[in-house]
1. Show the residue pairs meeting these rules: Cβ distance below 8 Å; 6+ apart or different chains; first residue within the stretch 44-63 and without any contact (Cβ under 8 Å) to a residue 60 or more places away in the chain and assigned to a loop (DSSP other than H, G, I, E, B); second residue surrounded by 15 or more Cβ atoms within 10 Å (Cβ to Cβ) and of a type in the set (S, T, N, Q).
2. Looking at 207, 224, 167, which is the one that is more than 38 Å from the chain's Cα centre (by Cα), in contact (Cβ under 8 Å) with a residue 24 or more places away in the chain and assigned to a helix (DSSP H, G or I)?
3. Hey, residue 239 hits all of (1) in contact with a helix residue (DSSP H, G or I) (Cβ under 6 Å, 6 or more places away or on another chain); (2) at pLDDT 90 or above; (3) more than 25 Å from residue 176 (Cα to Cα) but one; which does it fall short on?
4. Name every residue in the stretch 126-152 that is of a type in the set (A, V, I, L, M, F, W, C) and in a strand (DSSP E or B), in order of residue number.
5. Considering every residue within the stretch 185-198, establish whether at least one is touching a Phe, Trp or Tyr at 6+ places or on another chain (Cβ under 6 Å) and either over 30 Å from residue 261 (Cβ atoms) or surrounded by 15 or more Cβ atoms within 10 Å (Cβ to Cβ) (or both).
6. Under the condition of being in a loop (DSSP other than H, G, I, E, B) and of a type outside the set (A, V, I, L, M), which residue from the stretch 250-266 is surrounded by the fewest Cβ atoms within 10 Å (Cβ to Cβ)?
7. State whether the residues of the stretch 173-181 include one that is in contact (Cβ under 8 Å) with a residue 12 or more places away in the chain, surrounded by 15 or more Cβ atoms within 10 Å (Cβ to Cβ) and aromatic (Phe, Trp, Tyr).
8. Residue 247 passes all but one of (1) in contact with a helix residue (DSSP H, G or I) (Cβ under 6 Å, 6 or more places away or on another chain); (2) not in a helix (DSSP H, G or I); which number fails?
Amino acid sequence: MHSSKLALLVLFFLGRLTLGWQATANISGSVADTTGAPISGARIRLTRTDHSQDQEALSSNDGHFIFASVTPGPFQITVAAQGFAAKSSSGIIHSAEILNLPATVLDVATLNTDVQVTLSPAEITADQLKVEEKQRLLGLIPNYYISYAPQAAPLTSRQKFTLALKSTVDPFAFGVTAVIAGVQQWQNDFAGYGQGAQGYGKRYGASYADYFSGTMIGGAILPSIFKQDPRYFVKGSGTKRSRALYAMANAFIRKGDNGRWQPDYSDILGSFAAAGLSNLYYPARSRNGVGLTFENTAIGIGGTALGNIFEEFLSRKLTPSANQKSQSKP
């Protein structure tokens with residue numbers, strides 16, 4: 001017995017000599033979530049200042065871990081587990097100390113994900129149309145076919161028909177038609193219609209039919225067939241001369257759905273088609289001949305050019321919704 005004790009004493013002193021006369025210590029602890037449930041398989045890393053004696057351990061099924069034979073001195077404990085935010089703590093372990101750390105509670109990790117939502121061209125155009133459908137000169141006259149975004153997405157066929165129909169059923173269109181029919185009746189235009197309420201009704205119907213057919217054919221049907229955009233795209237920058245030339249040129253050319261400029265088949269052929277269609281309902285002696293149809297088409301193109309110049313230089317100043325949009329930009 002005496003010899004055994006002597007042997008243990010010798011080993012003890014040899015161990016202290018080997019460790020620089022410092023007894024090692026133990027560090028233990030546990031890992032849990034915010035509900036108090038233990039976290040199994042958490043990775044616990046023990047690091048030292050010089051990283052010469054770093055250690056790692058995994059938490060057991062009950063969330064516990066232990067580091068044995070830890071050299072006294074400063075240390076840092078880092079606990080990490082899948083799905084949880086890592087947490088670190090530090091301290092100092094003394095010689096021969098058995099240090100039981102407080103339970104490390106891990107929070108669920110916050111997932112930072114950048115979500116990029118890409119809208120389809122039709123969805124982009126739908127948003128743009130919502131803005132355009134609010135455009136009214138002086139807050140009264142509809143100005144739907146004007147885009148202040150030169151790179152606006154093209155309209156789908158359905159959107160072209162929707163915009164044309166919205167224009168033709170706008171209360172302002174009915175009001176203007178009523179005025180035109182009244183002036184025609186006063187001047188006894190299209191005398192074959194006669195006078196009185198019946199004559200006024202026929203003039204009103206013919207005037208509205210002109211507007212409806214011209215808008216639907218030139219603003220929806222032909223643009224869908226030729227894949228052209230019926231809107232005027234305001235240039236809005238450059239010299240006055242370049243903008244005026246751009247506006248006048250737009251009476252002869254039209255932006256295609258592919259973004260390229262093309263001859264304006266939609267408006268030019270639409271004018272011919274609408275004039276030809278009017279022969280079905282105007283009095284026989286008031287119907288246009290071929291020569292007059294060409295003349296009216298040329299007048300229509302000239303009117304389009306003048307209208308484009310107005311849109312290029314003045315319409316935005318007279319459109320409250322466009323002004324509010326521009327003033328809201330930083």
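The values are calculated or read from the model by the stated rules, or taken from the named source; none is laboratory data. Computed from a predicted model, the values in this text were never measured in an experiment. Positions of Cβ are backbone-derived with ideal geometry, glycine not excepted, and every protein chain shown enters the neighbour counts.
1. Pairs that qualify, where the first residue is without any contact (Cβ under 8 Å) to a residue 60 or more places away in the chain and assigned to a loop (DSSP other than H, G, I, E, B) and the partner is surrounded by 15 or more Cβ atoms within 10 Å (Cβ to Cβ) and of a type in the set (S, T, N, Q), are 48/71; 53/71; 54/47; 59/30; 62/30; 63/30.
2. 207
3. Residue 239 satisfies all of (1) in contact with a helix residue (DSSP H, G or I) (Cβ under 6 Å, 6 or more places away or on another chain); (2) at pLDDT 90 or above; (3) more than 25 Å from residue 176 (Cα to Cα) except (1).
4. If the condition is that a residue be of a type in the set (A, V, I, L, M, F, W, C) and in a strand (DSSP E or B), then 137, 141, 146 are the ones that fit.
5. Yes: the stretch 185-198 contains one or more residues that are touching a Phe, Trp or Tyr at 6+ places or on another chain (Cβ under 6 Å) and either over 30 Å from residue 261 (Cβ atoms) or surrounded by 15 or more Cβ atoms within 10 Å (Cβ to Cβ) (or both).
6. Only one residue tops the list, namely 260.
7. Checked the stretch 173-181: no residue is in contact (Cβ under 8 Å) with a residue 12 or more places away in the chain, surrounded by 15 or more Cβ atoms within 10 Å (Cβ to Cβ) and aromatic (Phe, Trp, Tyr).
8. (2)
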